[in-house]
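In what follows, a single structure is set out as structure tokens and then discussed.
The values are calculated or read from the model by the stated rules, or taken from the named source; none is laboratory data. Being a predicted model, the structure only gives us computed values, none of them experimental. Cβ coordinates were reconstructed from backbone atoms using ideal geometry, including for glycine residues, and neighbour counts include every protein chain displayed. Just the protein is used for accessible areas: all its heavy atoms, side chains included, with ligands, DNA and RNA removed. Shrake-Rupley method; radii C 1.70, N 1.55, O 1.52, S 1.80 Å.
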Amino acid sequence: MNVTATTHAGGVPGGHGVNEDLTIKDGFIVDPRVVDKRVAALEHGAMTRVDAIVLHQTDSSTMNLEHAKTDGIGAHFYIEKDGTIYQTARLDQSVYSVGKIRSRCDDSRTCSKEEKTAIDTLMNSSASYGAKVKALNTREQAKAYPDRYPTNGDSVAIEVVAKFDPKTKLFERPTAEQTESLKWLTQALGSHYGLDLQTDVYRHSDISYKQADEAKSLVFQ
């Protein structure tokens, strides 16, 4: 579902090609479905383009922004169990949400011979696992999207409230209200930034080093 768009100067960065489909003022969506709940500590500098959307789950039974105010880690949007959408950071600002990214070409087995050799050499080195993941992340971040996965610097982050069960290793499944809100928000943002929902929307667990089930049950189209 789209709404009549008005783009305000300085409101949002460009992606593949911005479409006029949302009313955004000072980086915030102006729509009765979105509640402004900005946490300034979540904003970490200008985001000059949006190439993708990354879906997350919170591991909490309700939205709790107290940790975000202290550690500065969080998302642009949170969707509560009743479907309420809270915007917590401006869309022209990057947030710390993705973490270190995996190698896209290694995951898809499309690396060049030279790149595969370089990655294998790095990951088989005697360095600690943490150091190897950090080095691989640095290598990947030097690539242009979509040759790499999206990063904090070029993606919009959406968190869906859900608890994680350490016994089953599964997150709570989204409520019907959360699914309805996620579909609207993802499709509206995708249309605005000219994103392909088939290729430019990612589940956090697929691109970084997270619980395997994170965001797997989310339906966004």
**Study point:** Overall dimensions of the chain by Cα: Rg and Dmax, Å
**Key:** 17.5, 56
**Study point:** Part-to-part distance (alpha-carbon centres) for region 179-221 and region 19-81, which is given in Å
**Key:** 14 Å
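Go ahead and run the numbers for FRET between R173 and N64, Cβ-Cβ distance against an R0 of 25 Å, rounding to 0.05. Walk me through the numbers before you get to the answer.
On the way: r = 20 Å, r/R0 = 0.80.
E between R173 and N64, to the nearest 0.05, is 0.80.
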**Study point:** Amide H partners (placed H, <5 Å) of T23, local residues excluded
**Key:** T6, V30
Revision key, fill the gap. Quick calc, region 19-152, dipole around Cα centre from Cβ unit charges on Lys, Arg (+) and Asp, Glu (-), nearest 20 debye, gives 480 debye
Check your understanding: Which order do E80, E66 take when ranked by solvent-accessible area (1.4 Å probe, heavy atoms of all protein chains), largest first?
Key -> E66, E80
**Study point:** Label-point separation, A46 to T23 (7 Å along Cα→Cβ), nm
**Key:** 2.7 nm
**Study point:** Karplus-derived 3J(HN,Hα), 6.51/-1.76/1.60, for each residue of region 189-201, Hz, glycine and proline x
**Key:** 5, x, 5, 4, 8, x, 8, 8, 5, 7, 10, 10, 10
Practice item. Using θ = phi - 60° and the Karplus relation 6.51 cos²θ - 1.76 cosθ + 1.60, list the HN-Hα couplings for region 79-88 in order, rounded to whole Hz, with x at every Gly or Pro. Key: 10, 6, 5, 7, x, 5, 9, 10, 9, 10
Check your understanding: In the neighborhood of F164, defined by Cβ-to-Cβ distances under 15 Å, what is the net charge if each Lys or Arg adds +1 and each Asp or Glu adds -1?
Key -> +2
Revision key, fill the gap. With Cα springs under 10 Å, the Gaussian network model of the chain assigns the largest mean-square fluctuation among A46, A127, A68 to A127
Review point. Could you give the longest part of the chain that holds none of the trypsin sites (Lys or Arg not before Pro) found in DSSP loops with at most 14 neighbouring Cβ atoms within 10 Å?
Key: 1-108
Study note, to complete from the structure: Comparing D51, D31, D59 in a Gaussian network model of the chain (Cα, 10 Å), the one with the largest mean-square fluctuation is D31
